[in-house]
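Here's the structure we're looking at; comments come further down.
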Amino acid sequence: MTQLLISVKNIEEAMIAVLAGVDIIDLKDPNLGALGALDLDSTREIVRKIYGRALISATVGEQHTSIDELVADIQLRADAGVDIVKIAVSDLFYQAYFYDAVARLTRAGVKIVVVFFADEEINLNLLPALKNAGVYGAMLDTKNKHKNLLQVQPQQALVLFTQLCHQYQLKSGLAGSLQPQHIDHLTEINSTYIGFRGGVCDNSLRKSALNQIKVRELISMLRNGNKNRIETQLILA
């Protein structure tokens, strides 16, 4: 079944998400871009409060100019106790020893999810190298938040991405300015999880506060979507 990831920016939002039963609590600062990194003090506070009640992921930002700098930020989040660290595809992925550096982290137990921006060129040829480096998963997200994922990529492209992730034994994620009305389309794709931020915030604005009622309604919709997909598969079997 498809799981739910909700991005939060502080402990108050993290508590709303975990009490609602969200599967993955994603730590992110929406004021710092698509993958803005939440500060380490807030990260540690959230880990202390909710660890073990849901998976916790955290972004590291997009500002890194060297592999060593990126590795250091990944390690800081891992040391803070998050379960999964998210990094964006960048020019660093094409440097000679990038995958060796990533493999050292994954062999040490760090779970890394690589984010491809769906509104930029997507190089799916990176997926085998990610698998070989022990990466935990890959996801599609949007960098420009003026359009949602389904507006920048056709559904068949999302299906292909998800299928390739499964082929290479990578967890798969879909996100990008998604709204509750997209649930039915997304559950059909059968990704490991789908991610929301703006769609469950006040006024549907990603920089606004997380809305508890919207989160609970979204969880109910996702459960129904998963149930309908399973029932359809049983009918067609």
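The values are calculated or read from the model by the stated rules, or taken from the named source; none is laboratory data. Remember, predicted model here, so these are calculated numbers, not experimental data. Glycine gets a Cβ as well: all are built from the backbone with ideal geometry, and neighbour counts include every protein chain shown.
Things worth noting here:
- Meeting the requirement of 2 or more residues that are of a type in the set (Ser, Thr, Tyr) and modelled with pLDDT of 95 or more, the strands (runs of 3 or more DSSP E) wholly within the range 1-103 are 55-59.
- Considering the range 157-203, the residues that are hydroxyl-bearing (Ser, Thr, Tyr) and at pLDDT 95 or above include one that is surrounded by the most Cβ atoms within 10 Å (Cβ to Cβ), namely Ser191.
- Residue list for the range 104-133, restricted to those being part of a loop (DSSP other than H, G, I, E, B) and either within 17 Å of Asp79 (Cα to Cα) or touching a Leu at 6+ places or on another chain (Cβ under 8 Å) (or both): Ala108, Gly109, Val110, Ala118, Ile122
- Residues of the range 146-205 that are touching an Asp or Glu at 6+ places or on another chain (Cβ under 8 Å) and aromatic (Phe, Trp, Tyr): Tyr193 alone.
- Those residues of the range 53-72 which are surrounded by 20 or more Cβ atoms within 10 Å (Cβ to Cβ) and closer than 26 Å to Leu174 by Cβ, in sequence order: Ala54, Ile56, Ser57, Ala58, Thr59, Val60, Leu70
- Qualifying residue in the range 195-206 (condition: among the aromatic types (Phe, Trp, Tyr), touching a strand residue (DSSP E or B) at 6+ places or on another chain (Cβ under 8 Å) and either assigned to a helix (DSSP H, G or I) or on the phi < 0 side of the Ramachandran plot (or both)): yes
- Test for Lys86: is it closer than 21 Å to Phe161 by Cα and crowded, with 21+ Cβ neighbours inside 10 Å: yes
- Within the range 179-195, the only residue that satisfies the criterion of being under 16 Å from the mean Cα position of the chain (by Cα) and farther than 12 Å from Thr2 by Cβ is Gln179.
- Top-ranked residue of the range 17-36 - restricted to ones that are touching a helix residue (DSSP H, G or I) at 6+ places or on another chain (Cβ under 7 Å) and surrounded by fewer than 23 Cβ atoms within 10 Å (Cβ to Cβ), ranked as farthest from Asp79 (Cα to Cα): Ala20
A quick yes/no check of all residues on (1) in a helix (DSSP H, G or I); (2) more than 16 Å from Asp141 (Cα to Cα); (3) without any contact (Cβ under 8 Å) to a residue 60 or more places away in the chain; (4) touching a Gly at 6+ places or on another chain (Cβ under 7 Å):
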site	(1), (2), (3), (4)
Gln156	yes, no, yes, no
Ser172	no, no, yes, yes
Gly176	no, no, yes, no
Gln181	yes, yes, yes, no
Ser191	no, no, no, yes
Met221	yes, yes, yes, no
Asn228	yes, yes, yes, no
Thr232	yes, yes, yes, no
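- Some residue of the range 37-52 being more than 16 Å from Ala80 (Cα to Cα) and surrounded by fewer than 18 Cβ atoms within 10 Å (Cβ to Cβ): no
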